[in-house]
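Working notes, beginning with the structure itself.
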Amino acid sequence: MKAVKLILILATFAGSTVAGLTLQEILQRQAGALGGIDRLRNLQSYMIKASVTVGGMKGSTVTYYRAPDRFRTDVALPLMNSSQGCNGDDCWITDNQGLTLSLGADMRGITMTEMAIENWSYCDSATFSGDISLVDSNATVDSALCYVIRIAPRNGTPAMLYIDKATFLPRQFKIMTDAGTFYSRFHDYRPVNGVMMPFRTTEMSDAGFVAGISTVTDVKVNVALADSLFAPTAIAGGNWGLPVDVESVVVPFELWRNHIYISAWVNGKGPFRFIFDSGAGGTAINRKLVNDMGLTHLGTAEARGVGGADSSEVYQIDTLEVACVRLMGLPGSTIDFDQLESVAETRIDGIVGYDLLNRFAISVDYTNHRLVIYRPGTEPHSTWGEPCRLTIDLRLPYVDATVEDTIPARFRLDTGSASTIDFHTPFVLAHNLPRDTSAYRPVTSTGIGGTIEGNVGLSPAIDICGNRIDSLLVNFSSTPTGLFAGSNTAGNVGAGVLKAFTVTFDYGRETVYLKKTGNSQNPASLRNMAGVELGRKHGKIMVRRVIAGRAADGFLAPEDIIVEIDGLKTKGKSIDEVDEMLTGKRGSDVRIKVERNGRVSEMDILLDSLY
């Protein structure tokens, strides 16, 4: 029985044999080792208290269970308190600011599996609902030979359970999520009312990072637990706010290469240059600025991104201010931004996402280059556009969609991605994408955690929240690690698509609003598909104006000199000829060499395909 859910990992039925004992024989022996099937069936409720250590940070957890489907865990760590649970089929999570949300697919599936394992119901074919099969009889965990069974409870996430062949006690759980593969290892079994329970649990990731160690300090079984205990309750928080007389705040941003840059102040110092990133589950700080910001060290944690995982030091942010919005008491992970800064050709001081989005409704107005931050509880505005159901899973936003009109899928909405859409590797393989392999090309890009590999080609038709997208250049990922290797998600929708809309995130209502921006602002004289007006200066082709929300917005700027397009020099060409070079097949892209303030750089721009 797990004592703490720091990474949440667990397990699943079908009757088979792998060289030796049958599955039923293994389960019968395990039930006997745990105390016998009758004692397991009599385990109707429990409360487990544990001390935890996570990356040097010390805290505690309390876990409650009541048969058959009531479950709750409260976690208390420095600046990171949370609760999650299930009240029947209603599963929820409450963060340290008191925001309560329904569990997304990943978290809900893990929690349902966890419940099945916590009370050992998979040992009892009379009560277990789901699938279970024996997949290996010679695996090893810490040099111990183990049987491996795959467990998938109804509505749960499949997981691998490793059973010690000598003791028949569980040694390890392994579970795969969109965030990665995680492990729980169990030690120090002791009898409690005749049932063997692990008193120490180690949580690890596929990157080899030890995420946490928990030690049971108190166990009570078959105790009375009220229904109200399993209903979500707000946690002490509220470390945020707008001035009392302000209903909304406008925050101007710079759109540079499809990333949103805002000014922020940390611990009263700044301004610092932060990326506003809905694909960031926490706040990140440039590792080089820790001393400049006056941060206090808390411990070590794992930072995960599209490219994989890395160890990160965690610091306490006393205050984070954006305009007149002040957040207080945040954990911040430090990241080495050197590689990203080199690719982006700009300074990156930090990233903020969930810590803003979980407190306020926020409109991302790509046309006017501004965020509008609304007071919590603000009623939806008619100007926000059409509502769409939003699911928050592992602190990231997802929407349901269909691909090629028949394939159900879910996509992550990621303002921190400069791409159009990145299809996840498992979805690409499962659906044989792209269909037309003659027109795609390999591509390598850089993200948090490392490099990402894939193939760029034309997207299949996608319907996202009633908006149809097709004939768009997208990335079909082939990377085997990181977020793009997650099998529960079809893909990641970036600014290349999102900037065709005003996007309003309302996490409190679990809703996103999309309002298509249209072409009303664009001049009739516009003669290319990059969304720029060209002129001539000293005999060179110069950008006079960049149309907000169009393809070149966030890439080109007024006064830029266009030197080359797809390797062809513009010197000696007319404006009409260059306009033609910037007009091509719908959804195609061009490589532009630009001179800005005496410095030459290159960039790829996707020609307009959403207008």
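Hey, what's the per residue convex hull volume over the C-alpha atoms of the range 21-64, in cubic angstrom?
On the way: hull volume 5.2 nm³, N = 44.
Convex hull of Cα atoms, per residue: 118 Å³.
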Once all protein chains are kept in place, K569 shows an accessible area at probe 1.4 Å, nearest 10 Å², of 130
Using a 1.4 Å probe on heavy atoms of the protein chains only, the accessible area for T346 in Å², nearest 10, reads 30
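With N set to the number of residues, divide the alpha-carbon radius of gyration of the range 379-494 by 2.2 N^0.38 Å and report two decimals. Could you put the intermediate results ahead of the total?
Values: Rg = 14.3 Å, N = 116, 2.2 N^0.38 = 13.4 Å.
Relative to the rule-of-thumb radius for its length, the range 379-494 sits at 1.07.
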Contour minus Cα-Cα span, Q44 to E602, at 0.36 nm per residue, comes to 194.4 nm
From the Cα centre of the range 169-248 to that of the range 19-57, the distance in Å is 16
Along the range 419-424, Karplus-curve 3J(HN,Hα) (6.51, -1.76, 1.60; θ = phi - 60°) to the nearest Hz, with x for Gly and Pro, reads 7, 7, 9, 10, 6, 5
Of L229, L514, L371, ordered by accessible area with the largest first and a 1.4 Å probe, the sequence is L229, L514, L371
Note to self: with every protein chain in place and a 1.4 Å probe, the range 92-201 gives an accessible area per residue in Å² of 34
Taking the alpha-carbon centre of each part, the distance from the range 380-423 to the range 260-283 in Å is 23
Simple SL model, points at 7 angstrom along Cα→Cβ for S82 and V210; separation in nm is 2.2
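Of the cross-linked pairs K537/K569; K288/K593; K571/K593, which ones have a Cα-Cα span greater than 19 Å in the structure shown? Kindly include the intermediate steps, with their values, before the conclusion.
Values: K537/K569 16 Å; K288/K593 31 Å; K571/K593 12 Å.
Over 19 Å apart, Cα to Cα: K288/K593.
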Rounded to one decimal in nm, the spacing of the 7 Å Cα→Cβ label points at N368 and T451 is 4.3
Residues whose built amide H sits under 5 Å from the amide H of A280, excluding neighbours closer than 5 in sequence, are Y354
Residue-normalised 222 nm signal for the chain, counting each DSSP H run of n ≥ 4 as -39,500 (n - 2.57), nearest 500 deg cm²/dmol, is -2500 deg cm²/dmol
Percent antiparallel among DSSP beta bridges confined to the chain, nearest 5, equals 95
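Order of 173-183, 409-419, 558-568 by packing, highest average Cβ count within 10 Å first?
Numbers: 173-183: 22.2, 409-419: 23.8, 558-568: 15.7.
My ranking of the peptides, most packed first, is 409-419, 173-183, 558-568.
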Cys residues of the chain with no disulfide-compatible partner (no other Cys Cβ under 4.7 Å) are C123, C146, C324
The range 228-337: antiparallel bridges as % of DSSP beta bridges, rounded to 5, reads 85
Kirkwood-based Rg/Rh on the Cα set of the range 320-371 evaluates to 1.01
The lysines whose Cα lies under 16 Å from the Cα of K58, excluding any fewer than 8 residues away in the same chain, are K5, K49
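Protein chains only, probe 1.4 Å: how do C465, C123 rank by accessible area, largest first? Working shown, then result.
Details: C465 35, C123 15 Å².
Putting C465, C123 in descending order of accessible area: C465, C123.
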Residue separation between N222 and T100 times 0.36 nm, minus their alpha-carbon distance, gives in nm 41.1 nm
Any residue on another chain or 5+ positions along whose placed amide H is under 5 Å from the amide H of T181 is listed here as D206
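Roughly how many percent of the accessible protein surface of the range 156-205 is carbon and sulfur, given a 1.4 Å probe and a whole-percent answer?
Details: 910 of 1700 Å².
Looking at the range 156-205 in its full context, I get 53 percent from C and S.
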Sorting K515, K499, K58 on solvent-accessible surface, 1.4 Å probe, most exposed first, gives K58, K515, K499
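What does the net charge come to around P480 if you take all other residues with beta carbon closer than 12 Å to its beta carbon, with K and R at +1 and D and E at -1?
Values: positive: none; negative: D206, E453.
So the surrounding residues net to -2.
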Quick calc: nm separation of the 7 Å Cα→Cβ label points for T583 and T319 -> 5.4
Quick calc, T202 & K571: beta-carbon distance into FRET formula, R0 60 Å, rounding 0.05, result 0.40
Binned at 20 Å from zero, the C-alpha pair distances of the chain give percents of 19, 49, 26, 6, 0
Relative contact order of the range 528-601 (C-alpha contacts under 8 Å, at least 6 apart) in percent is 30
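The values are calculated or read from the model by the stated rules, or taken from the named source; none is laboratory data. In this text, all values refer to a predicted model and were calculated from it rather than measured experimentally. Note that we place each Cβ from the backbone using ideal geometry, even for glycine, and neighbour counts take in every protein chain shown. Heavy atoms of the whole protein, side chains included, go into the accessibility calculation; ligands, DNA and RNA do not. Shrake-Rupley method; radii C 1.70, N 1.55, O 1.52, S 1.80 Å.
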